[in-house]
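*Asks:* Questions regarding the structure given below will be posed in turn.
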Amino acid sequence: MMSSQAGPNVLLEKVGCAGVITMNRPKVLNALNLTMIRQIYPQLKKWENDNETDIVIIKGVGGKAFCAGGDIRAVTEAGKVGDSLAEDFFREEYILNNAVGACRKPYIALIDGITMGGGVGLSVHGRFRVATEKTLFAMPETAIGLFPDVGGGYFLPRLRGKLGLFLALTGFRLKGRDVHRAGVATHFVESKKIPDLEKELVDLKSPSAEDVSKVLDSYQNQSSLDSEKAFVLDKHMSDIDRLFSSSSVEGIMQNLKADGSEFANKQAQTLSRMSPMSLKITYKQLEAGATLSLQDVLVMEYRLSQACMRGCDFYEGVRAESYPKWNPSTLEEEVSDQTLEQCFASLGEKDLTF
């Protein structure tokens, strides 16, 4: 069954018709590090061009997480001392995210458990994303002085209405079936059915994307858990579309404060805890990303990642468990347009290339 195995951090196996990637760092919720990226990328490209491999499946071990994010502590430590990891990690991670999005073989992410940050980048751009009742999805980056990267600028503005902007700015957590209802996952299957689903997928004979789709649909149809519950944000969708429609983050804050409802007050409170610089970057990132290809979004996000490495909020956000001291400390304190433009500026020959 096993033809190759790379390192303890990630397992790469050929099972039946499938190339299977298993993130294997359960103690740290399968957080993605550079070693894993460097093992997954060449293997994914190899399977994509291999006639024996028809589909790619990616999953995590340990029962708690698919992948809870990137190894940001290592990245911030590197950034402080000018180590190249601060460039290499983002560059190679985004190149892998693009490969997932461009993969010619059906790519199936089994996002059974916590899926945030780096874990979103490994799943959301793939053709199929299967959520379970254990799935916890969020892009919480504005709380640590970063922005929803790994292609967040591509998929978030493509969710319905202002939902993506709301998720990006607030870091709101979606759970279980709601991850599917929001459009982040393509399917919802009960967690206990995942082993059978996986077995059925790897046993397929030269499957097409339609064949994979049929199997996933049939498992979804057998999964009635929480089907009677409404989408958690259903009753707030019109409020989100109205309150988050503004030409700036400051305008959104004004909308929320002027509205005064319990929901609006809660969102205003949440945003007031986030890095003002991150909020401004994120707003502009999603606005630009709405009309760009995934590849162009990742080039933009690489520039932004390096701007965050040059700034101070990312280091402070990772350092401080609570109450980080942001600079500037409020939205009202000017984050000048010029400062913001510099974050999006080309890095010349250091720009991300594919």
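*Asks:* If exposed trypsin sites (Lys or Arg not before Pro) are those in a DSSP loop with at most 14 other Cβ within 10 Å, what is the longest stretch of the chain that has none?
*Replies:* Looking at the chain, 1-103 is the longest stretch - no exposed trypsin sites (Lys or Arg not before Pro) with at most 14 other Cβ atoms within 10 Å.
*Asks:* Could you sort HIS180, HIS125 by accessible area so the largest value comes first, with the probe set to 1.4 Å?
*Replies:* HIS180, HIS125
*Asks:* Between the helical axis of 209-221 and the dominant principal axis of the chain, each derived from Cα atoms, what acute angle in degrees is found, rounded to the nearest 10?
*Replies:* Tilt relative to the chain: about 80 degrees.
*Asks:* By how many degrees, between 0 and 90 and to the nearest 10, does the Cα long axis of helix 34-48 differ from the longest principal axis of the chain?
*Replies:* So the helix axis and the longest Cα principal axis differ by about 50 degrees.
*Asks:* For the chain, which span is the longest to avoid every loop-located (per DSSP) member of GluC sites (Glu not before Pro) having at most 15 other Cβ atoms inside 10 Å?
*Replies:* Here the longest segment lacking exposed loop sites spans 53-227.
*Asks:* Need the full-extension length gain, ASP88 to SER248, defined as separation in residues times 0.36 nm minus the C-alpha distance. One decimal, nm.
*Replies:* 54.4 nm
*Asks:* Need one number: nm distance between label points at ASN24 and ALA345, each 7 Å from Cα along Cα→Cβ, rounded to one decimal.
*Replies:* 4.6 nm
*Asks:* Let me ask something additional. In terms of modelled amide H atoms, which long-range or inter-chain residues lie less than 5 Å from the amide H of VAL15?
*Replies:* Amide H neighbours of VAL15: VAL20.
*Asks:* Still on this structure, I have one more. Percent of accessible area on the chain owned by carbon and sulfur, 1.4 Å probe?
*Replies:* C and S fraction of accessible area: 49 percent.
*Asks:* While we're on this one: Under 8 Å for C-alpha pairs, at least 6 residues apart: give me the relative contact order for the chain, rounded to a whole percent.
*Replies:* This gives 16 percent for the chain.
*Asks:* Related question: If I fit a long axis through the Cα atoms of helix 276-289 and take the longest principal axis of the Cα atoms of the chain, what angle between them do I get, 0 to 90°, rounded to 10?
*Replies:* The helix 276-289 is inclined about 60 degrees to the chain.
*Asks:* If you add up the charges near LEU201, with Lys and Arg at +1 and Asp and Glu at -1, over every other residue whose beta carbon is less than 13 angstrom from its beta carbon, what do you get?
*Replies:* 0
*Asks:* Mind checking which aspartates and glutamates have their Cα closer than 18 Å to the Cα of LYS59? Skip sequence neighbours fewer than 8 apart in that chain.
*Replies:* GLU13, GLU48, ASP71, GLU93, ASP112, GLU133, GLU190, ASP196, GLU198, GLU200, ASP203
*Asks:* Same structure, new question: Can you tell me how much longer the chain between MET237 and GLU333 gets when fully stretched, taken as 0.36 nm per residue apart minus their C-alpha distance, in nm with one decimal?
*Replies:* This chain segment gains 31.5 nm when fully extended.
*Asks:* Let me ask another. Could you report the accessible area of THR353 in Å², rounded to 10, computed with a 1.4 Å probe on the protein chains as they sit in the structure?
*Replies:* Looks like 100 Å² after rounding.
*Asks:* Right, another one. Any idea what the relative contact order of the range 89-140 is, in percent, if you count C-alpha pairs under 8 Å spaced at least 6 apart?
*Replies:* Relative contact order of the range 89-140: 40 percent.
*Asks:* Right, here's the next one. Tell me, what HN-Hα J-couplings in whole Hz come from the Karplus equation 6.51 cos²θ - 1.76 cosθ + 1.60 at θ = phi - 60° for each residue of the range 119-135, using x for Gly and Pro?
*Replies:* x, 5, x, 7, 10, 5, 8, x, 5, 10, 10, 9, 8, 10, 5, 8, 5
*Asks:* What does the accessible area per residue of the chain come to in Å², with a 1.4 Å probe and no ligands, DNA or RNA counted?
*Replies:* Solvent-accessible surface per residue comes out at 43 Å².
*Asks:* Quick one: 3J(HN,Hα) in Hz for the range 172-187, Karplus 6.51/-1.76/1.60 with θ = phi - 60°, rounded, Gly and Pro as x.
*Replies:* Along the range 172-187, the couplings run 3, 9, 9, 10, x, 4, 5, 5, 6, 4, 6, x, 6, 9, 8, 9 Hz.
*Asks:* Once both labels are modelled 7 Å past Cα along the beta-carbon direction, what's the VAL81-ASN51 spacing in nm?
*Replies:* 5.0 nm
*Asks:* Could you work out the mean projected area of the convex hull around the alpha carbons of the range 263-354, in square nanometres to one decimal?
*Replies:* 7.3 nm²
*Asks:* Which aspartates and glutamates, if any, have their Cα less than 14 Å from the Cα of LYS162, not counting same-chain residues under 8 positions apart?
*Replies:* ASP234, ASP239, ASP241, GLU287
*Asks:* Same structure again: Of [x] 33, 25, 17; [y] 42, 21, 19; [z] 83, 25, 19, which one was derived for semi-axes √(5λ) of the Cα gyration tensor in Å from the structure shown?
*Replies:* Read-out from the structure maps to [x].
*Asks:* Tabulate in residue order the Karplus-calculated ³J(HN,Hα) for the range 333-344, using 6.51 cos²θ - 1.76 cosθ + 1.60 with θ = phi - 60°, rounded to whole Hz; enter x for Gly and Pro.
*Replies:* 5, 4, 8, 5, 4, 5, 4, 5, 4, 4, 5, 8
*Asks:* Here is a further query. Sticking with the crude label model, points 7 Å out along Cα→Cβ, report the distance from PHE354 to LEU292 in nm, one decimal please.
*Replies:* With each label placed 7 Å out from Cα toward Cβ, I get 1.2 nm.
*Asks:* Also, I was wondering about something else. With every protein chain present, what accessible area does ASP83 have (1.4 Å probe, heavy atoms only), rounded to the nearest 10 Å²?
*Replies:* Estimated to the nearest 10 Å², ASP83 gives 80 Å².
*Asks:* Relative contact order, percent, of the range 253-332 when contacts are C-alpha pairs under 8 Å separated by at least 6 residues?
*Replies:* Over the range 253-332, the number comes to 34 percent.
The values are calculated or read from the model by the stated rules, or taken from the named source; none is laboratory data. Worth saying up front: this structure is predicted, and the values here are computed from it rather than measured. Here the Cβ is made from the backbone with ideal geometry for all residues, glycine too, and neighbour counts use every protein chain on show. Surface accessibility is based on the protein's heavy atoms, side chains included, excluding ligands, DNA and RNA. Shrake-Rupley method; radii C 1.70, N 1.55, O 1.52, S 1.80 Å.
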